[in-house]
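The structure under discussion appears below in the form of structure tokens.
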Amino acid sequence: MIVVVPAYQPDEKLVKLVSGFLSETDYRIVIVDDGSSDDRMQFFSQSEAMGERVTVLHHDVNRGKGRAMKTAFEWVKAQCLADDGVVTVDADGQHLIKDVVRVCEAWGEHRDALVLGSRAFKGNVPLRSRFGNSVTRAVFAVSTGVRVYDTQTGLRAFSTDLIDEMLSISGERYEFEINQLLTCTKKKIPIIEITIETVYLDNNSSSHFNTIKDSWRIYKTIFAFIASSMISWLVDYVLLLVLTRIFAGSASDGFVHLFGVALEPKLPALILARIVSSFINYLLNRNIVFSSKAKGSVWKYYLLAVVMLGANYGLLYVLNPIMPLAIAQILAQLIIYPINFVLQRKFVFNGKKEARK
């Protein structure tokens, strides 16, 4: 097993961690100094001096936790360490050796999976950690349909066979870890969780996680779909109202006559509005949100769009007689949106995800 430890401005806990691995396991250890200051070099030197099983790699400047892990993964790949496992461990002492071993043993039984050491968040847990993980857990579940209890754990084990996959994942800082989970759900890589002890030292004061900046990096990938939907919905909403008024103004006996068929004004307005908005939504979702190469996604998308259009019209048919069209359409979209999202994720854009540069 290869232990990967990304480290920025570590202290004596790094040395203690390495000593524990060397005395209690036969694991090989790869530490990445992510641009730490000169006064912290002693901890890297002490760790490396403990034995030939310890390798320390250095970044000249701070490049982020995601980049540090990728540097270690590249080293593992260059060593041609096939048929082995990689486990990532934080340098701040929050992961106990016994828990790391349990996660590695679980990976040994499920070599095709990503195994997470999931914290139970019981006891004296800092509020920002408890709250942050709860929010990310909920957003992740809604966005992917996969429930992961601890989305922010740094203790993760996987096969060296997945190294290339891990290197292709976007994100150089904390967002790499959420993108790793998103990629696994997309590629149907099983995610298994092993409950570990929750350890926070000095109220987690050693963490370099920036609550605002790094939270945005994590959530922006998930919120991309919501933004895409909002843009498309706004286009659809405005066009529906405008075109309904135009068709109603030209209607005789309350109906629009197209190709010899009498239609209520809101039906052709809804169809035209949906054609424009769905094209915009398809381009955004395919190229930005899901970055999908799925073959035939355009046909599946528009088949789904037709189904959703029928559902939308049915809801308007029921709701419009008892409330204004503007309100009825908002309510109809609130009902349709989550269904549409799940179907797009599962059946439309379920092909290979492109790596973002």
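Coupling constants for the stretch 268-282 follow from the phi torsions by the Karplus curve (6.51 cos²θ - 1.76 cosθ + 1.60, θ = phi - 60°), and in residue order they are x, 5, 5, 5, 5, 4, 6, 4, 5, 5, 5, 5, 5, 5, 4 Hz; glycine and proline get x.
Placing a label point 7 Å from the Cα of TRP75 along the Cα-to-Cβ direction, the residues of the stretch 19-37 whose backbone N falls under 13 Å of that point are 28-35.
Computed log10 I(q)/I(0) for the stretch 1-125 at 0.10, 0.11 Å⁻¹: -0.30, -0.37, from the Debye equation with unit scatterers placed on every C-alpha and solvent omitted. Judged by the mean number of other Cβ atoms found within 10 Å, the most tightly packed of the peptides 236-245, 338-347 leads the ranking 236-245, 338-347. In sequence order, the stretch 146-160 has phi-based couplings of 10, 8, 10, 6, 10, 6, 10, 5, x, 8, 9, 10, 7, 7, 5 Hz under the Karplus curve 6.51 cos²θ - 1.76 cosθ + 1.60, θ = phi - 60°, and Gly or Pro positions carry x.
Separation of the alpha carbons by more than 26 angstrom is noted, of LYS65/LYS98; LYS187/LYS300; LYS16/LYS70; LYS77/LYS300; LYS70/LYS188; LYS186/LYS300, for LYS77/LYS300. Near GLN344, once Lys and Arg are set to +1 and Asp and Glu to -1 for all other residues with Cβ below 12 Å from its Cβ, the sum equals +4. Full extension of the chain between VAL199 and ILE271 yields a length gain of 20.3 nm, computed as 0.36 nm times the residue separation minus the alpha carbon distance.
Throughout, read-outs are computed from the coordinates displayed, never taken from laboratory work. Bear in mind that the values here come from a model prediction, so they are computed numbers and not experimental data. In this analysis, Cβ positions are derived from the backbone assuming ideal geometry, glycine residues included, and neighbour counts consider all displayed protein chains.
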